[in-house]
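Below: the structure, in structure tokens.
The values are calculated or read from the model by the stated rules, or taken from the named source; none is laboratory data. Since we're looking at a predicted model, the values are computed, not measured. Cβ placement follows ideal geometry from the backbone for every residue including glycine, while neighbour counts extend to all protein chains displayed.
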Amino acid sequence: MRPLRWLFALSLSMLVSSSAIAENKRLLLVTDSGGFIHDSVGLSEQILKEIGPKNGIDVTCFRYTRDVKDKAFEKYAEQFRKTTGVKVEPENCGRVNAETLKKFDCVLFFTTGNPLANDEVEDLVEWVKAGGSVAGTHCGSDTLYPAKDRPWNEAYGKLIGAYFKTHPPGFQKIKIKVEDAKHPAGTAFENGAPFEDEMYIFRDEPYSREKLHIILSITGDTVDNLLEKAKKSGRSDNDYAISWCQEIDKGRSFYTSLGHRKETWKDERFQKHLIGGLKWAMKQAEGDATPSAKIGK
């Protein structure tokens with residue numbers, strides 16, 4: 001009987017291990033918009049909650065991560081509803097702190113303004129270094145700028161990889177240069193694929209190919225048109241990336257500047273691109289993270 005009991009126990013153990021492997025990852029989408037509120041925010045929640053579970057990702061949304069007792073909250077909630085079409089309810093409000101982060105595998109920022117307090121920025125950095133993952137889409141780089149009264153925000157910029165500088169008026173038609181076609185976030189597009197969105201130009205720092213693995217960028221022939229519309233407000237290195245990733249100690253970071261337009265969120269290529277990046281960040285998919293400047297050396 002003992003061998004049978006042993007085999008039963010082994011089978012049960014394998015079943016439990018298999019279930020643990022198949023368990024969905026947990027993504028926290030943060031859309032607190034203390035600055036500009038994008039009208040695609042409500043749709044982003046809907047899209048991610050629809051495609052996330054199909055890709056092994058359960059999605060929770062925080063529409064407000066600051067003090068709900070603040071007098072400005074009601075005004076904010078009304079403006080958020082008018083712009084996005086969704087309400088800010090108690091169940092989708094919460095702080096992004098050490099206690100919250102224990103419940104998730106990745107935090108995706110689709111934010112503006114200052115959604116995190118000083119100690120919460122520190123909590124996020126430590127959590128990522130310990131093995132968590134952070135991601136940003138579009139205005140996730142237009143968030144938590146360092147300032148005299150908030151110097152700690154600089155740590156967030158390094159996690160995301162860059163800060164937004166400017167963009168030409170309206171939406172720009174560009175061609176995508178696929179710099180890593182094998183990366184999970186790079187397989188969605190063909191090299192030279194046309195795309196239309198609000199294209200970001202980033203500040204000189206902290207963006208650097210010495211630290212970031214560039215996945216997508218803007219082709220040279222469409223950069224000229226971009227800069228002409230931006231009134232030559234370009235980068236000194238003429239480097240116009242769209243998406244990248246990086247490893248931070250035991251954790252990972254992924255960013256894409258795409259995501260302003262509702263049409264972008266409905267685009268299957270963008271969905272595949274974003275999900276691929278998130279899966280890489282949460283170690284559900286393999287991909288290179290070698291800083292682009294060091295490739296080939």
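Here are the numbers for this structure:
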read-out	value
Criterion (at pLDDT 95 or above and in a helix (DSSP H, G or I)) met by exactly one of K75, K82	K82
Residue count, segment 150-202 (criterion: modelled with pLDDT of 95 or more, of a type in the set (K, R) and closer than 30 Å to N118 by Cβ)	1
Test: I275 is in a helix (DSSP H, G or I), among the β-branched types (V, I, T) and closer than 23 Å to T111 by Cβ	yes
Total residues in segment 137-149, condition at pLDDT 95 or above and out of contact with any helix residue (DSSP H, G or I) (no Cβ under 9 Å at 6 or more places or on another chain)	2
Residues of segment 128-140 satisfying the condition of being closer than 26 Å to I242 by Cα and either part of a loop (DSSP other than H, G, I, E, B) or over 16 Å from the mean Cα position of the chain (by Cα) (or both)	K129, G131, G132
Residue that is surrounded by fewer than 15 Cβ atoms within 10 Å (Cβ to Cβ), touching a strand residue (DSSP E or B) at 6+ places or on another chain (Cβ under 9 Å) and aliphatic (A, V, I, L, M), where the choices are A130, A193, A162	A130
Selection count where residues are surrounded by 15 or more Cβ atoms within 10 Å (Cβ to Cβ), among the charged types (D, E, K, R) and within 17 Å of P291 (Cβ to Cβ), scope segment 224-243	1
Every pair of residues 6+ apart whose Cβ atoms lie under 6 Å, when the first sits in segment 44-60 and is more than 10 Å from I275 (Cα to Cα) and assigned to a helix (DSSP H, G or I) while the second is modelled with pLDDT of 95 or more and of a type outside the set (D, E, K, R)	S44/F110; S44/W265; E45/C61; I47/W265; K49/V59
Flag if D221 is modelled with pLDDT under 95 and either buried (at least 17 other Cβ atoms within 10 Å of the Cβ) or part of a helix (DSSP H, G or I) (or both)	yes
Search result, residues across segment 124-175 that are of a type in the set (S, T, Y) and either farther than 28 Å from A230 by Cα or in contact (Cβ under 8 Å) with a residue 24 or more places away in the chain (or both)	S133, T137, S141, T143, Y156, Y163, T166
Residue list for segment 108-123, restricted to those being surrounded by 24 or more Cβ atoms within 10 Å (Cβ to Cβ) and either of a type in the set (A, V, I, L, M, F, W, C) or more than 22 Å from W244 (Cβ to Cβ) (or both)	L108, F109, F110, L116
Of all residues making up segment 238-269, the number that are in contact with a strand residue (DSSP E or B) (Cβ under 8 Å, 6 or more places away or on another chain) and closer than 17 Å to C139 by Cα	17
Total residues in segment 103-161, condition in contact with a Phe, Trp or Tyr (Cβ under 7 Å, 6 or more places away or on another chain) and at positive phi	3
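A quick yes/no check of all residues on (1) farther than 18 Å from A185 by Cβ; (2) at pLDDT 95 or above:
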position	(1), (2)
D204	yes, no
S208	yes, yes
K232	yes, no
N238	yes, no
A241	no, yes
W244	no, yes
G251	no, yes
T256	no, yes
